[in-house]
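Trainee: Pasting a structure here, questions to come.
Just so it is clear, none of the values below were taken in a lab; they were calculated from the coordinates. Computed from a prediction, not measured in an experiment: that's the story for all the values here. Here the Cβ positions follow ideal geometry from the backbone for every residue, glycine too, while neighbour counts run over all protein chains shown.
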Amino acid sequence: MVVRSLRSIYQFKVTLHQVTPPVWRRFQVASTDTLEDLHIALQLVMGWTNAHSHEFAADKKRYGVPDREFPADVHDEIEHRLDRVVKQEKESLHYVYDFGDSWEHEVLLEKILPFTTEAVLPLCLEGENACPLEDVGGPPGYEAFLEAVADPSHPQHAELLEWCGGGFDPTEFDLALTNDLLRQYCD
């Protein structure tokens, strides 16, 4: 007989598809969190600003924020706990953020760890590279953006530098800042 704890720590690795350099984060949340909680954690660890719609998919089911004006087969993410949707290590969720730019992510459940009262959750453990800017145009727009800001002779160089606030380092990832943002959200 398998005895399961009512609460565990879920360790996920989220990877953004179709971008170079690769963007990923490893983070932990409570298994009893909802998909809405996971969405907020993903926004914070990835560096998104929650300015657009999103959706999860797992096991041929879609989860998100239902829209009464456009009924669909989307299950309300508030009503679904993580431990009811992903139950075993190596299972994953497909997460799409911003249907216009279509940022696609794999959210892989790497480990199920025992819960401890000392656990500070959510917690980002590590990651690599900067998340693309909002409204940059999806993976092709991001690639074009990086080319333009890296090349002072590019016709859009100055305009895009101004648009992004003066500079953008695609290799930057600040773990301490990410965890500060997670703490602010949880307090």
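Trainee: In terms of the Cα gyration tensor, with a ≥ b ≥ c the square roots of its eigenvalues, is the stretch 1-121 rounded because a/c is under 1.5, prolate because a/b exceeds b/c, or oblate?
Mentor: oblate
Trainee: Let me ask you something else. Give the Kirkwood hydrodynamic radius (Å, one decimal) of the stretch 41-110, defined as one over the mean of 1/r across all pairs of different Cα atoms.
Mentor: In the stretch 41-110 this quantity evaluates to 12.9 Å.
Trainee: Same structure, new question: Taking only Cα atoms and a 10 Å spring cutoff, compute GNM fluctuations for the chain and point out the largest among Asp101, Asp33, Asp59.
Mentor: Answer for the Gaussian network model of the chain: Asp59.
Trainee: Would you mind working out the magnitude of the charge dipole of the stretch 112-187 relative to its Cα centre, with +1 at each Lys and Arg C-beta and -1 at each Asp and Glu C-beta, to the nearest 20 Debye?
Mentor: Roughly 200 debye, rounded to the nearest 20.
Trainee: Let me ask another. What number does the stretch 40-187 give for Rg over Rh if you use C-alpha atoms and the Kirkwood radius?
Mentor: 1.01
Trainee: Toward the positive end of the charge dipole of the chain, about the Cα centre and with charges on Cβ (Lys, Arg +1; Asp, Glu -1), which of Val136, Gln11, Phe173 goes farthest?
Mentor: It is Gln11, whose Cα lies furthest towards the positive end.
Trainee: What helices does the chain hold that run 15 Å or longer along their axis, going by alpha-carbon atoms, with a Kyte-Doolittle average of 1.0 or more, using DSSP H for the helix calls?
Mentor: 35-46
Trainee: Need the C-alpha centroid separation for the stretch 98-172 versus the stretch 5-72, integer Å.
Mentor: A separation of 15 Å, based on Cα centres.
Trainee: Another question, then. Rounded to the nearest 500, what is the chain's calculated 222 nm mean residue ellipticity when only DSSP H runs of at least 4 contribute -39500 (n - 2.57) each, over all residues?
Mentor: Calculated at 222 nm, the ellipticity per residue is -7500 deg cm²/dmol.
Trainee: Now for a different question. So if I place +1 on the C-beta of Lys and Arg and -1 on the C-beta of Asp and Glu, and nothing else carries charge, what would the dipole magnitude of the chain be about its Cα centre? I want it in debye, nearest 20.
Mentor: 1060 debye
Trainee: Please state the relative contact order of the chain as a whole percent: Cα pairs under 8 Å, 6+ residues apart?
Mentor: Reported relative contact order: 27 percent.
Trainee: Among His54, His94, which comes first, then next, by fewest other beta-carbon atoms within 10 Å?
Mentor: His94, His54
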